[in-house]
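Peer 1: Handing you a structure now.
The values are calculated or read from the model by the stated rules, or taken from the named source; none is laboratory data. Computed from a prediction, not measured in an experiment: that's the story for all the values here. Reconstructed Cβ throughout: ideal geometry from the backbone, glycine too, with neighbour counts over all protein chains shown.
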Amino acid sequence: MLKIQLNNKTFDQITYYKTGAGPVLFLVHGFPANVQLWRFLIPELSQYYTLILPNFFEEEGDWLCDNETSMALLASAFNDILENEKVDKVLYAGHSMGGYMGLAFASKYPEKLVGLSLIHSSSLPDEEARAEGRRKTVSILENGGKSMFLKKMVRALFPEEFNQQNPEMLQRQISEALAVNDRSLIAFYKAIMERKDTTEIIKKAHYPVQNILGFKDPLANISKELDVAQLACVNFVSVYEKEAHMAMLETPKKLMKDLMDFAAYCWQRHD
């Protein structure tokens, strides 16, 4: 993959990767992962689409120019990437945090979307109990509790049976999370915590919206997510019965098929 870096007034360094050919599929990883989260999907997707993959947590530097960021600022940075690539229309697919960013992008640049795929993500705000938990987590991170928190958090993203059968994959995700510098970890976590209710964006979407939900996802309220998904005028919804929050690693072939079907529909509809 080609690595590209941009500098602008908002971020010190915008890093993204590019590969493949064809219509543009913007793939955005979640927290606290990196572009390698998509490693099982990239080879096939890149045969049909030009993949653009923002990478927030580079070893040699992060995106931040101060200690704060937001979904709106990140959406603007994505637009900078598209302008740099001279791209007018894009299919956006975001995992978890990446989906929150996609909704912010949809709010600011709806005319650029041919479709929006939310993979284990949500337009709903945190319920108060989870919001309080996030506030406590920020305090933990600011006081040196990074390792304990991330090990517990990453493990919970997979079904325990998967963890027991795939210890090397679990350890890889934990190691990648621990490699994120403290400043970025806290800033992006706060951005997640401070996001707003974006269900109105789903209601107004003139483009198709996809929702990939894991029945065993500890972060998802399936019934509420299904209600919101149906607000979109054109919606694709899949509930994975045995998966949790990481379908791209748990069952990549299943996710590949659903994403390819959705992408084909969106681009054919646009054409």
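Peer 1: Collect the residues in region 209-226 that are out of contact with any Ser or Thr (no Cβ under 9 Å at 6 or more places or on another chain) and in a loop (DSSP other than H, G, I, E, B), keeping them in residue-number order.
Peer 2: Phe215, Lys216, Asp217, Pro218
Peer 1: Considering only residues that are in a strand (DSSP E or B) and without any contact (Cβ under 8 Å) to a residue 40 or more places away in the chain, look in region 1-47 and name the one that is farthest from Ala177 (Cα to Cα).
Peer 2: Gly20
Peer 1: For Asn143, are the conditions met, namely being polar (S, T, N, Q), in contact (Cβ under 8 Å) with a residue 40 or more places away in the chain and closer than 26 Å to Asp12 by Cβ? Write out each step before concluding.
Peer 2: Values: polar (S, T, N, Q): yes; in contact (Cβ under 8 Å) with a residue 40 or more places away in the chain: no; closer than 26 Å to Asp12 by Cβ: yes.
The answer is no for Asn143.
Peer 1: Yes or no: region 167-180 includes at least one residue that is modelled with pLDDT of 95 or more, part of a loop (DSSP other than H, G, I, E, B), surrounded by 17 or more Cβ atoms within 10 Å (Cβ to Cβ) and not β-branched (Val, Ile, Thr).
Peer 2: no
Peer 1: Could you please let me know if Gly115 is of a type in the set (Gly, Ala, Ser), closer than 18 Å to Leu74 by Cβ, at pLDDT 95 or above and surrounded by 14 or more Cβ atoms within 10 Å (Cβ to Cβ)?
Peer 2: Taking the combined requirement at face value, the residue does not satisfy it.
Peer 1: Moving to a separate point now. Residues of region 193-208 being buried (at least 19 other Cβ atoms within 10 Å of the Cβ), at pLDDT below 95 and part of a helix (DSSP H, G or I), which ones?
Peer 2: none
Peer 1: Same structure, new question: Restricting attention to region 45-79, and to residues there that are buried (at least 16 other Cβ atoms within 10 Å of the Cβ) and of a type in the set (Asp, Glu), which single residue is modelled with the highest pLDDT?
Peer 2: Glu58
Peer 1: Same structure, new question: Of all the residues that make up region 229-271, how many are among the acidic types (Asp, Glu), within 24 Å of Leu113 (Cβ to Cβ) and more than 20 Å from the chain's Cα centre (by Cα)? If you could, list the steps in order and put the result at the bottom.
Peer 2: Our first condition is that a residue be among the acidic types (Asp, Glu); within region 229-271, this holds for 241, 243, 250, 258, 261, 271.
Pick out the ones that are also within 24 Å of Leu113 (Cβ to Cβ) and you get 258, 261, 271.
Imposing the further condition that a residue be more than 20 Å from the chain's Cα centre (by Cα) reduces the set to 271.
Residues meeting the conditions: 1.
Peer 1: Okay, moving on. Which of the residues that make up region 108-132 are more than 18 Å from Lys196 (Cα to Cα) and among the hydroxyl-bearing types (Ser, Thr, Tyr)?
Peer 2: Across region 108-132, the qualifying residue is only Ser117.
Peer 1: Could I ask something else about it? Name the single residue, out of those in region 209-219 being in contact with a strand residue (DSSP E or B) (Cβ under 7 Å, 6 or more places away or on another chain) and buried (at least 20 other Cβ atoms within 10 Å of the Cβ), that is farthest from Pro159 (Cα to Cα). Spell out how you get there, then give the answer.
Peer 2: The initial filter retains those residues of region 209-219 that are in contact with a strand residue (DSSP E or B) (Cβ under 7 Å, 6 or more places away or on another chain), namely 209-215.
With buried (at least 20 other Cβ atoms within 10 Å of the Cβ) added as a condition, the list becomes 209-214.
Values: Val209: 26, Gln210: 23, Asn211: 20, Ile212: 16, Leu213: 14, Gly214: 10 Å.
Here the residue is Val209.
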